[in-house]
Every structure is written in C-alpha cells, then in structure tokens.
1. Against the condition more than 23 Å from residue 372 (Cβ to Cβ) and assigned by TED's automatic domain parsing to the domain that holds residue 331, how does residue 255 come out, does it pass?
2. Quick one: which of 167, 124, 230, 177 is over 20 Å from the mean Cα position of the chain (by Cα) and surrounded by 17 or more Cβ atoms within 10 Å (Cβ to Cβ)?
3. Assess whether residue 246 counts as being assigned to a loop (DSSP other than H, G, I, E, B), buried (at least 22 other Cβ atoms within 10 Å of the Cβ) and touching a residue at least 12 places away in the same chain (Cβ under 8 Å).
4. If I ask for residues that are surrounded by fewer than 20 Cβ atoms within 10 Å (Cβ to Cβ) and in contact with a helix residue (DSSP H, G or I) (Cβ under 6 Å, 6 or more places away or on another chain), which ones from the stretch 306-354 would you list?
5. So which strands (runs of 3 or more DSSP E) are wholly in the stretch 322-425 and hold at least 3 residues that are more than 29 Å from residue 114 (Cβ to Cβ)?
6. Tell me whether the stretch 407-419 contains one or more residues that are surrounded by 20 or more Cβ atoms within 10 Å (Cβ to Cβ) and either touching a residue at least 40 places away in the same chain (Cβ under 8 Å) or touching a strand residue (DSSP E or B) at 6+ places or on another chain (Cβ under 6 Å) (or both).
7. Under the condition of being in contact with a helix residue (DSSP H, G or I) (Cβ under 7 Å, 6 or more places away or on another chain) and more than 30 Å from residue 202 (Cβ to Cβ), which residue from the stretch 263-303 is surrounded by the most Cβ atoms within 10 Å (Cβ to Cβ)?
8. Restricting the stretch 198-212 to residues that are out of contact with any helix residue (DSSP H, G or I) (no Cβ under 7 Å at 6 or more places or on another chain) and either over 20 Å from residue 236 (Cβ atoms) or in the same structural domain as residue 124 (by TED's automatic domain parsing) (or both), which is surrounded by the most Cβ atoms within 10 Å (Cβ to Cβ)?
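The values are calculated or read from the model by the stated rules, or taken from the named source; none is laboratory data. Keep in mind it's a predicted model, so treat the numbers as computed, not measured. Reconstructed Cβ throughout: ideal geometry from the backbone, glycine too, with neighbour counts over all protein chains shown.
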C-alpha cells in the first residue's frame, strides 16, 4: 500500500473515532433531557393532586403542608436512578414551577444578575456586571411563559392576554416587571425584569464602583440637604433610579417624604415616607390613576419633599409648579442624553399637559424650579457613571442657561476593555453655594478647584 493511501486510512479512522462518541453523547443527552422533562411533568401533576388531597383532609388548612417533602417522596416512589445532586436539582425545579416563577426563580436568587430578559420560551438573557449574556435556562413552551406572567400580575389585580397584551407589575421584593404577549410580541411572550438588590446601594458603593468622585458625592449630598431641586437624567438602564435612591438617603429623617412612581421601586430608609403608585385602566377601561393625578394629590398631603420616580409627560408641569411653590428639595428622574436635552424634554412634556403656555413662560418655570441636573450614562463596558453635574443658572433672552460643575473625561480603554477616565471639576463655583451655606450646609471651595 502506498504511503499516501495509508495516511488517508489513518486520517479517516481517527476522524471516525473522534466523532462517534460525540454523536452518542449528544443523543444520550437529548434522551436524558426528554426523560427528565417527562418525569417533571408527571411529578408536577401528582404533587398538585396530593397537595389538594391534604388540604381537604386538613379542613382547608395549608400551613402544615410541606410541598418539598411531597416532591421528594414522589421522586423516590418513581424509582428513578438519580444522583443526590440531580434529585435535589429536579426537586427544586419542580418546586419553583409549582410555588414560584418556574425557571426565573434561580435567576432571581442569583445576586449577580441585575436584569432578566425572556424573549420567548427558549430564549432567555440576563445582565451580569452591566453586560448582557445568554442564559442556559428555558421554558417548556409559550404557554408556560404566559402562565408565569399571569402568576406575577394576578396578585395586583391585573392580567395579560390578547385583550391586554402589555402589563407593568412588580415582584414582592420590589423588582420591576414588564410583560408583552402575542400577537403584539412576534417572538413569543416577552418578560423583562429589572432586579433590585436586597441591600440598597449607598454613596460609598458608587464611589467604589467609580461612578463618581468624592467631591461630586459631597456636593450632591450638600445639594439634597440644602433643599436644592435636583433632576437625574440619562438613558434606559443608566442607573437613574439607583442614583435617585442614593440621593434620597441624604434627606433628614424628620421630614415627610412622598414618593410617586409607576412601579414602587424606591427604598427609602427614612421613617416618615408615603409611597404612591400609579394604576392603569381596568378591564372596562376605567379606574386609571396617572402619575399626574398623584403629583397633584401629593400637594395636599403636606409633603416636605416630593420624589417622582420618572417624569414622562404632563406631570412635568405639576412637578415644576410644586418646585416653584415652596416644595424645595424635590427629586425626579427623566430620560435625556444631556443636561441641555433635559431642558428641551421638559419643555415638550409640559406641552403634553394640554396647557397652551408660551415657550418663554415654560422656560422661565424650568429655570426657576430646577437647580441641579445630574447626567448619568451607561458605557460600552457595562459601567455606569455620572458624566456631568450641571447647574441651571437662569435665563439669557429666551434660552435657559446651564454651567457644568463637574464632568467626566474619557481617556480610552485599558487592556481588559474597561473604560479609563477621570472626574474633574470645571473650576466654576456654583451659584447655589451661597444659599446652601445660608441653610447651614457645609461646603468646601476645594471641591470645585481644578
């Protein structure tokens, strides 16, 4: 036999030996997956039957029934040969599906996951450390996803179906949920969950994360304690609500605070806090309570501070009027790409209130009401930073004037792909310094020195 023929024979033999086991492993894996799915379905059904039977035997009492114990007993009865780890894993999956939110439960327990995105039954993504990555978890089918959605929204009296394909809700821990189902969502039922940490972040955490510098943090603390009206602006997922929560921690404990949100996300540490949450229309198209209604009502509640989770439309006018009528120290967030864009967006949102006000009158309201705009951004490496702290200084002609107090200067990326840069003062001394000192708040001029 020629050398070339012998080499070809060896090559084919090696290729066959390398690939055959892989094909066998794959088929075995599929077979095992199917078997476990079938087993979970059977156990799921029998657990519910056993649970209902025990409830009837206990005269409707549910407290003494251990669902996990029922699951483990049924797994043993089935006689399946399972390792201890696999048995515990299957038991937890079945328990989560019966009592909790199915595959989402493990992601909700994972403290590294900050956001969960379900793009259909087999397509689940998560955000870890500011970066989106695919998850290995999946649902059985679209009906399984819809079942989980309705399990989330049912406790708050809402539903999600073809008649009401979009819904906002929140979990017991305060995590914000948005769901949208077919025929509106073409990829299948979609769930987006914005998780919040059990322990709210403090200002020292943001400094450690390099989201701002110590002088910036000190200045913002002084602004809140000195009752400046502060707007936090930024894009989606830039950390506006987190920063708002941190800023609210500087409010003295002896003040009465009213928070207004679409979904109650803020976690204030003060003792005197009233939390208001908007409500969408019911099935009959009635019963809506908008953010604007809550802002108006809050003025009758004798608040020392009003905190609006997010300003989106006509409530901007009522918020500006509140800031201009003695409710100093109010805080709010809104979407904008810069402080200048924030001014323009506020103008647009005031116009959405239906009041036909001249543009100059709107700008005068903005210039008089807002003291500080904090611009937050999310960068390509997943980090979130305050890129500018700007002061609203008044009007020049028909233009609202701004001046930057602090800015973030980007200097490129390091070897690991992390953004490099530094927070620098512009050297401008803010006009609010004098009023802050009059209110007894400590200010250091060195914060603003280049």
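1. Working: more than 23 Å from residue 372 (Cβ to Cβ): no; assigned by TED's automatic domain parsing to the domain that holds residue 331: yes.
So residue 255 does not fit the description; no.
2. Values: 167 fails: over 20 Å from the mean Cα position of the chain (by Cα); 124 fails: over 20 Å from the mean Cα position of the chain (by Cα); 177 fails: over 20 Å from the mean Cα position of the chain (by Cα).
Of 167, 124, 230, 177, the one residue that is over 20 Å from the mean Cα position of the chain (by Cα) and surrounded by 17 or more Cβ atoms within 10 Å (Cβ to Cβ) is 230.
3. Numbers: assigned to a loop (DSSP other than H, G, I, E, B): no; buried (at least 22 other Cβ atoms within 10 Å of the Cβ): yes; touching a residue at least 12 places away in the same chain (Cβ under 8 Å): yes.
So residue 246 does not fit the description; no.
4. 313, 314, 324, 347, 353
5. Numbers: elements: 331-335, 372-378, 384-396, 399-413, 419-425.
So the answer is 384-396, 399-413.
6. Filtering the stretch 407-419 down to residues surrounded by 20 or more Cβ atoms within 10 Å (Cβ to Cβ) leaves 408.
If we keep only those that are either touching a residue at least 40 places away in the same chain (Cβ under 8 Å) or touching a strand residue (DSSP E or B) at 6+ places or on another chain (Cβ under 6 Å) (or both) as well, we get 408.
Yes, because at least one residue in the stretch 407-419 is surrounded by 20 or more Cβ atoms within 10 Å (Cβ to Cβ) and either touching a residue at least 40 places away in the same chain (Cβ under 8 Å) or touching a strand residue (DSSP E or B) at 6+ places or on another chain (Cβ under 6 Å) (or both).
7. Within the stretch 263-303, the first condition is being in contact with a helix residue (DSSP H, G or I) (Cβ under 7 Å, 6 or more places away or on another chain), and the residues that meet it are 265-268, 276, 278, 291-292, 295-296, 299.
Filter once more, so that each one left must be more than 30 Å from residue 202 (Cβ to Cβ): 292, 296, 299.
Numbers: 292: 21, 296: 14, 299: 16.
Per the stated criteria, the residue is 292.
8. Applying the first criterion (out of contact with any helix residue (DSSP H, G or I) (no Cβ under 7 Å at 6 or more places or on another chain)) to the stretch 198-212 yields 198-199, 204-205, 208-211.
Those left that are additionally either over 20 Å from residue 236 (Cβ atoms) or in the same structural domain as residue 124 (by TED's automatic domain parsing) (or both): 198-199, 204-205, 208, 210.
On the way: 198: 9, 199: 9, 204: 11, 205: 14, 208: 10, 210: 16.
So, considering only residues that are out of contact with any helix residue (DSSP H, G or I) (no Cβ under 7 Å at 6 or more places or on another chain) and either over 20 Å from residue 236 (Cβ atoms) or in the same structural domain as residue 124 (by TED's automatic domain parsing) (or both), the one surrounded by the most Cβ atoms within 10 Å (Cβ to Cβ) is 210.
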